[in-house]
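Report on the structure given below.
The values are calculated or read from the model by the stated rules, or taken from the named source; none is laboratory data. Being a predicted model, the structure only gives us computed values, none of them experimental. All Cβ positions, even for glycine, are placed from backbone atoms using ideal geometry, and neighbour counts span all protein chains on display. In case anyone asks, the SASA skips ligands and DNA or RNA and just uses the protein heavy atoms, side chains included. Shrake-Rupley method; radii C 1.70, N 1.55, O 1.52, S 1.80 Å.
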Amino acid sequence: MLCKSIASSLKYKLFFALVAFILVPFVMLELNNYKKIEKLYETRMSEQSGYQLAQIKESFADLRSLIYKTAITLDNNPAIAAAAAGQGGDLSQKSASLIRTSFNEMKNLFSKDSLYIQYTWITAGGNVIDDSTEKQTSLEDIYKWHPLAKKVLSGEEALQWDLNRGVSKDYYSMYMKMSEGSTLIIQFRLNEWMKSMAANFIFQQGFFLMHPDGEIVTQTIPGMRLPEGRLDLLKSEKSFYAPTHNSLVHSLLLPSANLYLIGQTDLEPFFGDIRHIKMQFFLTFSILLLIFMLILFIVLSLLMKPLQLLKKKMSDVVRTQFKTSIRTENYRGEILELAQAFNQMVKEINEQLQSLKREERQKEANRFQMLQTQMNPHFLLNTLNNIRWHAYKNKDSTITDICVSLGKILESSLNNDADLIHLHEELSLIQAYVQIQNFRYSGGIHVQYEIDEKLTYALVPKLTLQPLVENSIQHGFAERDYGGTIIIRAYRDQGTLILGVEDDGTGIRETPAPVRPGKKKSIAINNLRERLFLLYKTNASLDLVSGPQGTLVRIVVPLLISEPYQEGSGNHVESDHRGG
């Protein structure tokens, strides 16, 4: 129940909406940014690693080429050739010194790399001259440390490059048969050279030299290990990420030595800093987030407090019958406007309710008055019946006829069941009314009927023509004692029924005659217009035309014909004729 209440609360909805649509996307965006930074770091390190490997590869190729060139230079030096041409016995001190001096001159060509170069000359007579000491190494030691030297010295091989054949695994050696029959051995300390190259790079990483079979020849950082089981990737000459070592690995082939140069970068120093920054950020962000959420919750609570008060007041509206309001002195801004609008709404609703109550009381009074007016015609109708029977007993036919005609009119006015009646029924009411008026005018009122016989059962509003005939007699013939003539017409025209009442009375005067004392002005025309509008809206019209003598009232209504049902005639209620 509590969870349902929280879920339906606007305060909590706003709170969770802000968290879901602002804070969560912000956190996801920051995580994505850190991933992009890590990816960028990885790309930049891969590019830098490839660049450094390319530099080592190029330097290795240049160093190998320079070793070969110095060997050719020494072979083409006549003084060196003459000094090394002895056959057996020890070389003279002078010849050995000359050869060592030449070795040092060649080393100068290597500049800083000269520290990693070592020369050894084996004369045709078996004498060994080393560039680092005047003590001559025995030939047996040379054959022990350099097996290829014997093959080259015996003439089986003219030039050989050998790895891991020297006094240390880190040596890379060249064996060359010289022209006078001696053998030159130039050794290159790979490990120290690679370490010196790595030390000059700003971007630090470990370097390996690996045989195609996976054996590591040398490496610059002792203890660093390449990813196991990734020989195919190591030989692919592409960079890849090794998750087990958290490192980035890049490789290049050294075709001249048939070795793979591999660079491995430990990502922990770089990504460790990023993770530390990330943790620091999220720790700070979490603290700020808690503070923000607390402030947000307080602000929403303060914001929702007036709304909750408004909700309570709205609940009190019905209970207090709109006798409630909100005190506005404690509010400002939009909340103040909302409270004022609520008070204004309650005030207006209360006024409307009071107005409705007054109207309801007025309706009750009108209804009571209507019931009273209905009682009078009923009483009058009963009285007329008594007078008629009394006149009938006294054989006074005139009084009897008047009572019958007047009773017919009263009975029709009391019948509220139908608003529309047949045209012939309306005409019978006119005949009854004219019959009564002729007693006053001594039979001087003449009515002519110009009625289309097909319109006998046309539907017209009840008491439509009778008030117009009454209006003609009361106003058109009011100043006469002999009466006049009234023409009643009914015909159809393109789906409409046209009714006309025309008299030859005095017509409509520009200045109306004064009303006789005790006599009300005629309101028949206005009442009839209102009734026509209520029944037909804008589909009916009433026109009043005054001629040189008399007045014509023309009524246009939709043509509706409803013939009474006669067995076998086929005329049914459903087949009422409408329109022309």
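Among the listed residues Leu29, Leu23, Leu40, identify the single one that is open to solvent by 40 Å² or more (accessible area, probe 1.4 Å), within 30 Å of Met293 (Cβ to Cβ) and within 48 Å of the chain's Cα centre (by Cα).
Testing whether each residue is open to solvent by 40 Å² or more (accessible area, probe 1.4 Å), within 30 Å of Met293 (Cβ to Cβ) and within 48 Å of the chain's Cα centre (by Cα) leaves just Leu29.
Which of the residues that make up the stretch 451-493 are open to solvent by 30 Å² or more (accessible area, probe 1.4 Å) and among the polar types (S, T, N, Q)?
Result: Thr456, Asn471, Gln474, Thr485.
Can you tell me which condition Thr183 does not meet? The list is (1) crowded, with 19+ Cβ neighbours inside 10 Å; (2) in contact (Cβ under 8 Å) with a residue 60 or more places away in the chain; (3) in contact with a Ser or Thr (Cβ under 8 Å, 6 or more places away or on another chain), and all the others hold.
It fails just one condition, (3).
How many residues does the stretch 552-574 hold that are modelled with pLDDT under 90 and surrounded by 11 or more Cβ atoms within 10 Å (Cβ to Cβ)? Walk me through how you get there before you give the answer.
First, the residues of the stretch 552-574 that are modelled with pLDDT under 90: 562-574.
Those still in the list that are surrounded by 11 or more Cβ atoms within 10 Å (Cβ to Cβ) too: 562-563, 565, 571.
Qualifying residue count for the region: 4.
Take the residues in the stretch 251-271 that are buried (at least 16 other Cβ atoms within 10 Å of the Cβ) and of a type in the set (S, T, N, Q); name whichever of them is nearest to Ser65 (Cα to Cα).
By that ranking, first place goes to Ser251.
Any idea which residue in the stretch 187-246 is surrounded by the most Cβ atoms within 10 Å (Cβ to Cβ), counting only those that are hydroxyl-bearing (Ser, Thr, Tyr) and part of a strand (DSSP E or B)? Give the steps one after another, and end with the answer.
Narrowing the stretch 187-246 to residues hydroxyl-bearing (Ser, Thr, Tyr): 196, 218, 220, 236, 239, 241, 244.
From what's left, part of a strand (DSSP E or B): 218, 241.
Details: Thr218: 23, Tyr241: 13.
Restricting to residues being hydroxyl-bearing (Ser, Thr, Tyr) and part of a strand (DSSP E or B), the top hit is Thr218.
Among the residues of the stretch 3-16, are any under 30 Å from Met304 (Cβ atoms), modelled with pLDDT under 75, open to solvent by 70 Å² or more (accessible area, probe 1.4 Å) and of a type in the set (Ser, Thr, Tyr)? Even if it seems obvious, please write down each step before you answer.
Pass one, the stretch 3-16, residues under 30 Å from Met304 (Cβ atoms): 3-16.
Still in the running and modelled with pLDDT under 75: 3-16.
From what is left, the residues that are open to solvent by 70 Å² or more (accessible area, probe 1.4 Å) are 3-4, 8, 10, 13, 16.
Now narrow it down to the ones that are of a type in the set (Ser, Thr, Tyr): 8.
Yes, some residue in the stretch 3-16 is under 30 Å from Met304 (Cβ atoms), modelled with pLDDT under 75, open to solvent by 70 Å² or more (accessible area, probe 1.4 Å) and of a type in the set (Ser, Thr, Tyr).
Residues that are modelled with pLDDT under 85 and farther than 24 Å from Pro558 by Cα: list the strands (runs of 3 or more DSSP E) wholly contained in the stretch 444-518 that include at least 3 such residues.
It comes to none.
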